[in-house]
Amino acid sequence: MEIAKVLKKYLPMTETAFYILLSLSEPRHGYGIVKHVEEITMTRIQLGSGTVYGTLTKMQKDGIITVFADEERKTVYEVTEIGKELITAEIKRLKELHQNALNFEGDFL
């Protein structure tokens, strides 16, 4: 799938999809993704396996991630170039959101 279609389909990203993709800053298997998301969100987000594997399957179909088997024949997920462009675009969007929140929060206090 071309990048323009991926961006249109995924942006803005759900928090779940964002953290799953963010976890693929290095190749990981499903359980590693679940544990990484729990760790970086201080257990605020605890992903169920159905959610994780459903999202990973969709991302694989859309060319955002790729899948391979490691030495122990575990399924490992890795981000593609399109996936890197997607997460970069979402991080840029979130930075703008954050900056605007900081700029205007005083109006609501």
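Some points to look at:
- The residue that is modelled with the lowest pLDDT, among those in region 47-68 that are more than 12 Å from the chain's Cα centre (by Cα) and not in a helix (DSSP H, G or I), is Phe68.
- Residue match in region 69-77 (condition: surrounded by 11 or more Cβ atoms within 10 Å (Cβ to Cβ) and in a helix (DSSP H, G or I)): no
- Filter result (more than 21 Å from Lys8 (Cβ to Cβ) and in contact with a strand residue (DSSP E or B) (Cβ under 9 Å, 6 or more places away or on another chain)) within region 67-102: Val67, Phe68, Ala69, Asp70, Thr75, Val76, Tyr77, Glu78
- Of the numbered criteria (1) at negative phi; (2) at pLDDT below 95, the one Arg73 fails is (1).
- Matching residues in region 27-46 - criterion: being among the basic types (Lys, Arg) and either assigned to a helix (DSSP H, G or I) or within 15 Å of Thr16 (Cβ to Cβ) (or both): Lys35, Arg44
- Pairs are defined by a Cβ separation below 7 Å, a sequence spacing of at least 6 or placement on different chains, a first member in region 1-13 that is within 14 Å of Lys58 (Cβ to Cβ), and a second member that is in a helix (DSSP H, G or I) and of a type in the set (A, V, I, L, M); the pairs so defined are Val6/Ile82; Val6/Leu86; Tyr10/Ala17; Tyr10/Leu86.
- For region 84-109, the set of residues classified as of a type in the set (Asp, Glu), touching a residue at least 40 places away in the same chain (Cβ under 8 Å) and more than 21 Å from Val34 (Cβ to Cβ) consists of Glu85 only.
- Among the criteria (1) loosely packed, with under 12 Cβ neighbours inside 10 Å; (2) under 17 Å from Ile87 (Cβ atoms); (3) in contact with a helix residue (DSSP H, G or I) (Cβ under 7 Å, 6 or more places away or on another chain), the one Gln46 does not fulfil is (2).
- Pairs, first closer than 14 Å to Ser23 by Cα and of a type outside the set (A, V, I, L, M, F, W, C) in region 61-83, second in a strand (DSSP E or B) and modelled with pLDDT under 95, C-beta under 9 Å, six or more apart: Tyr77/Phe68; Glu78/Phe68
- Each residue in region 79-109 was checked for being modelled with pLDDT under 95 and assigned to a loop (DSSP other than H, G, I, E, B), and 1 of them qualify.
- Being outside any helix (DSSP H, G or I) and closer than 12 Å to Gly83 by Cα is true of Met1.
- Ala4 falls short on exactly one of the conditions (1) closer than 20 Å to Lys92 by Cα; (2) within 13 Å of the chain's Cα centre (by Cα), and that condition is (2).
The values are calculated or read from the model by the stated rules, or taken from the named source; none is laboratory data. Computed from a predicted structure; not experimentally measured. No Cβ is skipped: glycine too gets one built from the backbone with ideal geometry, and neighbour counts run over all protein chains shown.
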